[in-house]
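Shown next, in structure tokens, is the structure this report addresses.
The values are calculated or read from the model by the stated rules, or taken from the named source; none is laboratory data. No experiment lies behind these values; they were computed from the predicted model shown. Virtual Cβ from ideal backbone geometry, glycine too; neighbours counted across all protein chains shown. Side chains are part of the model used for accessible areas, which takes the heavy atoms of the whole protein and leaves out ligands, DNA and RNA. Shrake-Rupley method; radii C 1.70, N 1.55, O 1.52, S 1.80 Å.
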Amino acid sequence: MKGERGGFRQLRREHVFQELVHDSYKSSHKLHEPTRCPECGAVFHKGRWTWGAAPAGAHEEKCPACHRIHDKFPVGYVTLKGEFFREHREQILELVKNHEAKEKAEHPLQRIMRIEDTQDGVLVTTTDTHLARDIAEALYHAHKGELEFHYNKADNLLRANWSR
Ligand SMILES: [Zn+2]
């Protein structure tokens with residue numbers, strides 16, 4: 001299980017926090033301030049994206065989260081599996097969605113992209129690695145089980161597998 005596969009490296013839980021970097025997807029140039037995302041209304045101000053009213057004359061440019069949603073290109077993947085999960089599926093997915101709502105209220109770029117069924121469970125994809133990590137941690141804290149992280153630093157992609 002150890003080693004590299006597709007550029008992914010298994011990370012110990014305590015290391016995940018140090019490794020994740022901030023997303024600079026499709027923003028190779030420095031954004032003007034303030035900039036407003038025409039899709040979701042988030043505002044880039046003082047170096048970060050927040051919710052709030054944009055001042056008149058703000059620049060318009062899609063935020064990284066909306067770019068990713070548009071391109072169907074998530075960075076966070078959380079798989080949920082196991083018998084316990086199947087038996088408590090609705091309740092667990094509720095926890096996942098509540099967690100997203102709480103994070104998104106503070107951090108506009110942290111969103112769930114899709115919740116889809118897989119052969120043996122559910123895959124939750126996110127616009128941000130931090131949200132994927134936090135969802136997986138929240139599941140682990142609430143229900144224990146098995147949790148592992150795989151991180152591809154070159155592309156800043158995080159996979160978290162939770163099963164119980
Ligand atoms: Zn946006």
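Each residue in region 151-164 was checked for being modelled with pLDDT of 95 or more and farther than 24 Å from CYS66 by Cβ, and 4 of them qualify. As a summary of the residue check, ILE115 satisfies the conditions (1) part of a strand (DSSP E or B); (2) open to solvent by 80 Å² or more (accessible area, probe 1.4 Å) except for the one numbered (2). Cβ separations smaller than 6 Å between residues 6+ apart or across chains give the following pairs from region 143-164 residues that are of a type in the set (Gly, Ala, Ser) to residues that are open to solvent by 30 Å² or more (accessible area, probe 1.4 Å) and modelled with pLDDT under 95: ALA154/GLY7.
Here is the figure for region 43-77: residues that are away from the ligand (no atom under 14 Å from the Cβ), open to solvent by less than 20 Å² (accessible area, probe 1.4 Å) and either under 19 Å from ALA105 (Cα atoms) or part of a strand (DSSP E or B) (or both) total 1. Here CYS37 fulfils each of the conditions (1) modelled with pLDDT of 95 or more; (2) within 14 Å of the ligand (Cβ to nearest atom); (3) within 26 Å of LEU139 (Cβ to Cβ) apart from (3).
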